[in-house]
Amino acid sequence: MEVVKTITEVRSLVKSAREQGKTIGLVPTMGALHVGHISLIERSVRDGCFTVVSIFVNPTQFTPGEDFEKYPRSLNTDLKICKDNKVDLVFVPTAEEVYGKEMLTWVNVEKLTEPLCGKFRPGHFRGVTTICAKLFNIVIPDVAYFGQKDAQQAIVIKKMVADLNMPLEIIACPTVREPNGLAVSSRNQYLSPDERKDAACLYNALQRCEQMAKSGITHTPQLIAEMRKIIEAAPTVKQIDYIEIVDTHSLQPLEKITDKALLALAVKIGATRLIDNILIDTTS
Ligand code: PAF
C-alpha cells in the first residue's frame, strides 16, 4: 500500500495501475475510519478495483461554529485499517495541496442542496461537491463509493456527476448500524454512554414509520408526528433539526406516500448532531 501526499504522486500511481488494465475505485473519506468506511473499501476491493482511499478533513464543508477543529483525526489507525483491508493507495493531502493559495472556483448543485441538511448547514454541500469534484479530477476513478447514510450527499453527488458529464459511476452502499440500530458515524465518538443508548431512537422512529406506511398509513404529517413522539421521548435529545418524508429524486416533501420515499432526519443528541435515513417502498 502506498501513502502519498501530493496530487502528482496520486496521478502517477493511478496512471500505472490503469496501464496495467485496472479499474480505479475511490473511497473519499475524512478519516476516523469505521466499519461504515470499511464496507465501502470492501466493496471496491470486491469489485476488483485498484482501491484509492482519500483522507482529508475538508474545511470548506464545515459551517462556522461546527466541529472542524475537534473532528476526530486518527491517521495511524486509519492507515492500519486501509492496509488490513487491501487498499492500494491512500491520498492524505494538506489543505494547501488541495485548495492552493486562493480558490475562486466552486461547484454548486442547485435545488437538491436546499432542503434537509442544506437548510441547517449553509454552504456545506458546496464544500462537499467541490472537494468531490476535485478528488474525481485528481484520481480520475471509474467508480466512487459513498455511504447511503448521507443520502442527500449521495443524491447531490450523483446529480453533479450527471450534470457535469463526469466519467465515473457513483455507488451508494448500505448504511452500517451498531447493534442498537444507531447508524455508524465518526461523530458517534462524541456521544456519552447515555446519549449513545438514546440515539437508538432515531432508527426506531424510522422503522416505526416504515411499518406504519406499509400497513397503509400514508399521510405524512401523521407519520412524522409519530417519529417526533418517539424521538422526543429520549431524555438526551436536545433539538430536532428536521424529520421529513421526501421524494427520492427531488428531495421535496411528500404529502402522502404512494410508493417510494426517503425518510430523513437530523437530531441533536446532547451536543452531537446526528443524521439518519431509510429508503422505503410501500409497494414491495
Ligand atoms: O462523507 C464524507 O466523509 C465527506 O463528506 C466526503 C464525501 C469525504 C467529502 O469530504
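The values are calculated or read from the model by the stated rules, or taken from the named source; none is laboratory data. Values in this document were obtained by computation on a predicted structure and should not be read as measured data. Neighbour counts are summed over all protein chains in view; Cβ atoms, including those assigned to glycine, are modelled from backbone coordinates with ideal geometry.
General remarks:
- A single entry from Gln211, Gln222, Gln207 fulfils the requirement of being within 30 Å of Thr29 (Cβ to Cβ), surrounded by fewer than 18 Cβ atoms within 10 Å (Cβ to Cβ) and either small (Gly, Ala, Ser) or modelled with pLDDT of 95 or more (or both): Gln207.
- Residue in the stretch 5-21 that is surrounded by 14 or more Cβ atoms within 10 Å (Cβ to Cβ), within 17 Å of Asp84 (Cα to Cα) and among the β-branched types (Val, Ile, Thr) present: no
- Residue satisfying condition, being in contact with a Gly (Cβ under 6 Å, 6 or more places away or on another chain) and modelled with pLDDT of 95 or more, within set Ile38, Ile55: Ile55
- Considering residues of the stretch 61-107 that are crowded, with 18+ Cβ neighbours inside 10 Å and among the polar types (S, T, N, Q) only, the residue farthest from Tyr190 (Cα to Cα): Asn85
- The residue that is farthest from Ser250 (Cα to Cα), counting only those in the stretch 88-119 that are assigned to a helix (DSSP H, G or I) and away from the ligand (no atom under 15 Å from the Cβ), is Glu96.
- Gly21 vs. criteria more than 20 Å from the chain's Cα centre (by Cα) and either modelled with pLDDT of 95 or more or within 19 Å of Val139 (Cβ to Cβ) (or both): yes
- Residues (within 13 Å of the ligand (Cβ to nearest atom) and touching a Ser or Thr at 6+ places or on another chain (Cβ under 7 Å)) located in the stretch 127-156: Gly127, Thr130, Ile131, Leu135, Tyr145, Gly147, Gln148, Lys149, Val156
- The number of residues in the stretch 129-166 that are part of a helix (DSSP H, G or I) and either modelled with pLDDT under 95 or under 24 Å from Glu9 (Cβ atoms) (or both) comes to 10.
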